[in-house]
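Quick one: the structure is below, questions incoming.
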Amino acid sequence: MKQQEKYLDNDYNNSFWIKKKPKSWSIKKIREIFKFSKGNGLSKSLLIKDGLYDCVHYGEIYTKYKYQVDIVENLSKTNQNGSALSGKGHLISPSSTTTIGEDLSNCKSLKREGVVIGGDVIIYTPRNEINNIDLDYFSLFITYVSRTEFSKFAKCTTICHIYETEIKNFKVLVPPYDEQTKISKFLKSKLNEFNKLINLSKKKISYLSSLKNTIINNEIFKEYPMPKTSYGIEFINEIALQKNITKIKYLVSKVNGGQTPKGGGNIYVNEGVKFLREQNVFDGYLKLKDVVHINQETHQKMKNSKVLLGDVLLNMTGASIGRCCEITDNEEFNINQHIALLRPKKNLNSKFLNYFLMSHWGKEQTKFFMESAGKEALSAEKIKNYFIPNISLETQLKISNKIEIKLNQIDSLLEKEIVKRKKIDKLIENYAVNYLTGKSILN
């Protein structure tokens with residue numbers, strides 16, 4: 001293996017790898033190699049453990065399969081026999097995400113025939129014989145080298161979108177076929193090694209996260225009998241009959257969803273009132289890294305969705321449904337239509353309400369009311385009918401303080417693990433880009 005100059009910067013733009021590409025490698029636009037089509041239908045609710053057909057949902061491409069190059073096994077199942085079925089070999093990438101634009105570059109090779117490909121999935125089909133194209137190489141190139149292009153062209157408002165009309169003009173480096181296969185095999189083997197570290201980290205994060213759930217459930221429901229069933233209508237009926245139980249609507253002065261102002265993303269400004277979208281709301285905290293802003297005039301027009309200190313926010317739609325957090329400062333916020341605002345009365349502590357919505361009772365009621373509506377969405381009326389312990393404010397405060405102390409200890413451990421994962425992700429990206437752009441050469 002001959003080691004050439006390494007490029008470990010974040011700025012993987014066209015100029016550096018076009019100017020310094022190996023002489024035997026050509027440059028092509030993606031449309032010269034692939035033709036495009038799209039998947040169809042397949043909401044997350046249609047994924048069934050024992051379904052008849054293999055399928056891929058768009059969200060799985062940047063979550064479940066994030067650290068894979070190809071999708072060969074462990075596919076989800078559905079009973080929905082979609083109109084978009086895979087052929088002998090394709091690349092697939094998501095056309096939308098509720099996260100960030102660069103996640104749209106996650107591109108996987110799909111080599112199994114007859115797989116149902118869901119909506120919001122872009123399908124790349126080779127124009128020429130598949131024997132002349134190494135799908136794994138182009139999967140890797142698009143995922144890692146084209147990442148900044150996807151981030152640049154993604155249109156992000158409530159959800160990030162990208163279209164094949166933009167992707168088809170992205171440039172890729174095309175080595176001779178034998179070099180394509182050599183690079184992809186080498187990087188796949190290296191990714192397998194990194195995956196061992198990632199899987200260990202995932203297990204630790206999963207354990208710590210489940211420990212947080214256990215703490216919340218044990219503290220809040222210490223005085224309540226364990227229901228015989230843990231989900232569904234039987235669960236709802238059991239908790240409804242327990243003592244000291246009421247509905248949320250009797251403990252809050254307000255439950256309503258926000259709205260997206262007219263003009264969509266065009267009304268966002270560089271500075272102003274923070275406009276929260278569902279990707280900003282996580283269990284127990286707000287993530288404001290990619291927050292957008294609206295001006296005061298728009299904020300005043302949307303006065304019904306103004307957020308106040310002590311409000312609790314609950315995501316009502318999509319993959320992040322059920323995530324919730326308490327507002328703990330006086331900063332001005334407004335919310336979009338995918339978030340519900342709950343305003344507790346004086347006899348309900350905000351922190352206790354937030355922990356309750358994060359608990360098993362809260363999450364299961366979210367799931368139940370979502371499924372009973374037949375779609376991936378809640379409504380304000382459904383949220384008002386959640387069953388919640390009706391206990392004194394003093395008891396709520398004691399429970400909340402105990403939970404907070406314990407969760408803070410776990411959060412410090414989680415933060416260390418998340419930092420470690422980010423370092424691994426950056427190492428993978430730098431490693432892949434060096435070989436995919438010819439900065440590091442395999443003999």
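The values are calculated or read from the model by the stated rules, or taken from the named source; none is laboratory data. Since the structure is predicted, the reported quantities are computational estimates derived from the model, not experimental observations. Every residue, glycine as well, gets a Cβ built from its backbone with ideal geometry; the counts of neighbours run over all protein chains shown. The area values use the complete protein model at the heavy-atom level, side chains included, leaving out ligands, DNA and RNA. Shrake-Rupley method; radii C 1.70, N 1.55, O 1.52, S 1.80 Å.
Using the structure shown, list the pairs from LYS196/LYS289; LYS155/LYS422; LYS203/LYS382; LYS29/LYS287 with a Cα-Cα distance above 31 Å, or answer none.
LYS203/LYS382; LYS29/LYS287
Take ASP425, project a point 7 Å from its Cα along the Cβ direction, then tell me which residues of the stretch 83-110 have their backbone nitrogen under 16 Å from it.
Counting backbone N atoms under 16 Å from the label point, the list is 97-107.
List the extent of the Cα atoms of the stretch 47-98 along each of their three principal axes, largest first, rounded to whole Å.
Principal extents (largest minus smallest coordinate, Cα): 26, 25, 21 Å.
Which residues does a label at GLU376 reach in the stretch 62-99, if reach means a backbone N under 18 Å from a point 7 Å past the Cα toward the Cβ?
Hits in the stretch 62-99 for GLU376 at 18 Å: 62-66, 75-84, 93-99.
Over the stretch 137-207, with every protein chain in place, what whole percent of the accessible area is carbon and sulfur at 1.4 Å, could you tell me?
Result for the stretch 137-207: 56 percent of the exposed heavy-atom area is carbon or sulfur.
Here's a follow-up. What accessible surface, in Å², does a 1.4 Å probe find on ASP411, ignoring ligands, DNA and RNA and rounding to the nearest 10?
60
Here's another thing I want to ask about it. Could you rank MET226, MET302, MET370 by how accessible they are, 1.4 Å probe, largest area first?
If we order MET226, MET302, MET370 from most to least accessible, we get MET226, MET370, MET302.
To the nearest µm²/s, what D does Stokes-Einstein give for the stretch 36-187 at 10 °C and 1.306 mPa s, using the Kirkwood radius over alpha carbon pairs as Rh?
The Stokes-Einstein estimate is 102 µm²/s.
Please state, rounded to one decimal and in Å, the Kirkwood hydrodynamic radius that the stretch 234-338 gives when every pair of distinct Cα atoms enters the mean of 1/r.
Mean inverse Cα-Cα distance, inverted, gives 15.1 Å.
Could I have the simple spin-label model distance between LYS367 and LYS243, label points 7 Å from Cα toward Cβ, reported in nm to one decimal?
2.9
Just to confirm my understanding: which cysteines in the chain have no other cysteine beta carbon less than 4.7 Å from their beta carbon?
Result for the chain is CYS55, CYS107, CYS324, CYS325, no neighbouring Cys Cβ within the cutoff.
Antiparallel as a % of all DSSP beta bridges within the chain, to the nearest 5?
The antiparallel fraction comes to roughly 90 percent.
Let me ask something else about it. Search the structure for amide H atoms under 5 Å from the amide H of PHE333, placed 1.01 Å from N in the peptide plane, and list their residues when 5 or more places away or on another chain.
Correct list: VAL307.
A further question on this structure: What's the carbon and sulfur percent of the stretch 293-438's accessible surface, probe 1.4 angstrom, rounded to a whole number?
Heavy-atom surface of the stretch 293-438 belonging to carbon and sulfur, 1.4 Å probe: 54 percent.
Over the stretch 162-223, what number does the Rg to Rh ratio reach, with both radii from the alpha-carbon atoms and Rh per Kirkwood? Walk me through the numbers before you get to the answer.
Values: Rg = 22.1 Å, Rh = 16.3 Å.
Ratio of gyration radius to Kirkwood radius: 1.36.
Taking only C-alpha pairs under 8 Å that are 6+ residues apart, what is the relative contact order of the chain in percent? If you can, show how the numbers build up before the last one.
Working: 792 pairs, mean separation 81.0, N = 443.
After rounding, I find 18 percent.
Just the number: Rg to Rh for the stretch 308-443, Cα atoms, Kirkwood Rh, two decimals.
That ratio is 1.15, to two decimals.
For the chain, what is the accessible area per residue in Å² when the probe is 1.4 Å?
Heavy-atom SASA per residue in the chain reads 49 Å².
Based on the Cα atoms of the chain, what semi-axes does the equivalent ellipsoid have, where each is the square root of 5 times one gyration tensor eigenvalue, given in whole Å with the largest first?
Computed over the chain, the values are 44, 24, 22 Å.
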